[in-house]
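Notes for the one structure printed next.
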Amino acid sequence: MTLSQVPVMAREKRGMGRLFYLLMLLTALIILFPLLKGTLFRGLTLNSIFTFILFAIVYGLREERWVIIAGILIGVPWLAVVWINLRMEMLELRIVSAMLMTLLFSYTLILLIRHIRAVEEISADLLYGAGCIYMLIGFAWSGICMTIELLRPGSFLQVTAEGYKPISHASDLIYYSFTTLTTLGYGDITPQLPITRSLAILEAITGVLFMGILIGTLVGVFVAHRTYNRRKE
């Protein structure tokens, strides 16, 4: 029996069990990114986390060969650019890095959604996958914001003691992305262009819709599984 002949649920259940590590790495990235801002160990630490994230993605979502190959074709160039930029600090490399990060996280997001849709019962694996999806949405949007800011500085402004100033660090846009996704919106970072304001609206809508769809999916899976068990009895 070939891999393509293995039942879909068996493959996806096996893959979902590994997503705990991806969830932990994404959480570590959220915590460490702002804490390490401006320190000597920032680049080395964050790049190491990025590397482990790629390994966790391949490890957690491995199934068909093309899935692994596509992830490597996106992830390896991204890691190479990130590590090279650590030494050279070029604007062009930062733009390419932001674009590849957005592409990789979006690709992983699509794969995770496919996993979630195939789950037939509520489990820890399902919750790990849902958590990963939510965080990947935030990181993917932050990658889009980083790309726009790098291409057109001043697209986002932040409030400081001296007044409004341009974004000074990528972690500021990660913070902005997640406060927008959760509709928290402190207002200390504001979009200045029509396109960035439209993106802010879309991200906020995405966050609200995700929670609604997730709750509906969990209820539907629970009811379907319970009904199936009663019929078996």
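Between I69 and A28, what is 0.36 nm times their sequence separation minus the Cα-Cα distance? Round to one decimal in nm.
Full extension from I69 to A28 adds 12.1 nm.
Take W141, W83, W66 and order them by how many other Cβ atoms sit within 10 Å, fewest up front. Mind showing how you got there, number by number?
Details: W141 26, W83 16, W66 8.
Fewest-to-most ranking of W141, W83, W66: W66, W83, W141.
What nm value, rounded to one decimal, do you get for the distance between I95 and I195 when each label is placed 7 Å out toward the C-beta?
With each label point 7 Å from Cα toward Cβ, the separation is 1.1 nm.
Provide F55, F105 in ascending order of the number of other Cβ atoms located within 10 Å of each residue's Cβ, fewest first.
Starting with the residue having the fewest Cβ neighbours, the order is F55, F105.
Treat each spin label as a single point 7 Å out from the Cα along the C-beta direction, and report the F210 to R114 distance in nm.
If labels sit at F210 and R114, their model points lie 2.0 nm apart.
So, in nm, how far is label T227 from label T182 when the simple model puts each one 7 Å beyond its Cα toward the Cβ?
So the label points at T227 and T182 sit 3.5 nm apart.
Which chymotrypsin sites (Phe, Trp or Tyr not before Pro) does segment 144-233 hold that lie in a coil by DSSP with at most 14 other beta carbons within 10 Å?
Working: sites: F156, Y164, Y175, Y176, F178, Y186, F210, F222, Y228; in loops: Y186.
Listed in order of number, the matching sites are Y186.
All of the numbers you see were taken from the coordinates with simple rules; none came from a lab. Note that the coordinates shown come from a computational prediction; the quantities given were computed from them, not determined experimentally. Because the Cβ atoms are built from the backbone with ideal geometry, glycine has one as well, and the counts that use them run over all protein chains shown.
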